[in-house]
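So the structure is just underneath, and the comments pick up after that.
The values are calculated or read from the model by the stated rules, or taken from the named source; none is laboratory data. Treat the numbers as computed from the prediction; the structure is a model and nothing was measured. We place every Cβ from the backbone using ideal geometry, glycine too, and count neighbours over all the protein chains shown. To get the accessible areas, we keep the full protein, side chains included, count just its heavy atoms, and leave off ligands, DNA and RNA. Shrake-Rupley method; radii C 1.70, N 1.55, O 1.52, S 1.80 Å.
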Amino acid sequence: MAPMNEKQLQDIRDERKEQIMKAGLKIFARRGIIGTKLSMIATEAGISQGLLYHYFKSKDELFITLIQQAIQESIDSMKNVYQLPGSPLEKLRAITQLDDEGQHYFMLIHQARTSDGVPEEAKQLIGQYSMESYVIDILEPLFIEGQKAGEFAKGDPRQLISSYFTVLSGLMTLNVFEDEAYKMPEVDLLLRIVTGRP
């Protein structure tokens, strides 16, 4: 068998790093930074702890990298809502249906905002990512359009966005523990907050 070339080796390294980051995201989202050990992440990723250190020198470094990624993914998904097909309500429905990774990003940001032991750099990143500037400002035109189309409830669109995301955050926080009593409700049930319809 021929030895691997540099591109193949780099592909393997990139794949391994992605594997570690996915595992870290899942564990940090559920347990927070204090409750997470690198050994847990290594086990979840299916690698040795020694190998993990080749990619991330510390738990803090991995956490900060994931926070950067979570913020970027969140901003991108908010901005991309305008590229989605359909009415304002259909667009909001699409971004509300978070997959597991989306929920984990959401929870990671929540953990960074509320947990003890969060690295200073992560706190600074989160401090720059406010609901006001990254959620409300980006989504306000969509909500105004939805109100004009009669799809969204009347009233202050910024307050409507804030209320909607506050409820969504609370539900995700409960859902992360995978308690049957706190399962995420159907998206249409959640959207009633925005539409004002029964």
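Annotations
- Per-peptide average of other Cβ atoms within 10 Å, ordering 137-146, 62-71, 154-163 highest first: 62-71, 137-146, 154-163
- Stretch gain in nm, segment ASP188-GLN124, where the contour uses 0.36 nm per residue and the Cα spacing is subtracted: 19.5 nm
- Accessible surface of the chain [probe 1.4 Å, protein heavy atoms]: carbon and sulfur percent: 51 percent
- Mean residue ellipticity, 222 nm, helices only, the chain: the sum of -39500 (n - 2.57) across DSSP H runs of n ≥ 4, divided by residue count and rounded to 500, is -22000 deg cm²/dmol.
- J(HN,Hα) series, the stretch 12-27, from Karplus relation 6.51 cos²θ - 1.76 cosθ + 1.60, nearest Hz, glycine and proline x: 5, 4, 4, 5, 5, 4, 4, 4, 5, 5, 5, 5, x, 4, 5, 6
- Accessible surface for the chain, divided over its residues, is 56 Å² per residue with a 1.4 Å probe.
- Here the peptides 107-114, 41-48, 189-196, 12-19 are ranked by packing, the mean other Cβ count within 10 Å, and the order with the highest first is 107-114, 41-48, 189-196, 12-19.
- Computed from backbone phi with θ = phi - 60° and the Karplus coefficients 6.51, -1.76 and 1.60, the 3J(HN,Hα) list for the stretch 144-151 is 5, 4, x, 5, 5, 7, x, 8 Hz; x is used for glycine and proline.
- Estimated inter-spin distance, SER169 and SER133, nm [label 7 Å along Cα→Cβ]: 1.6 nm
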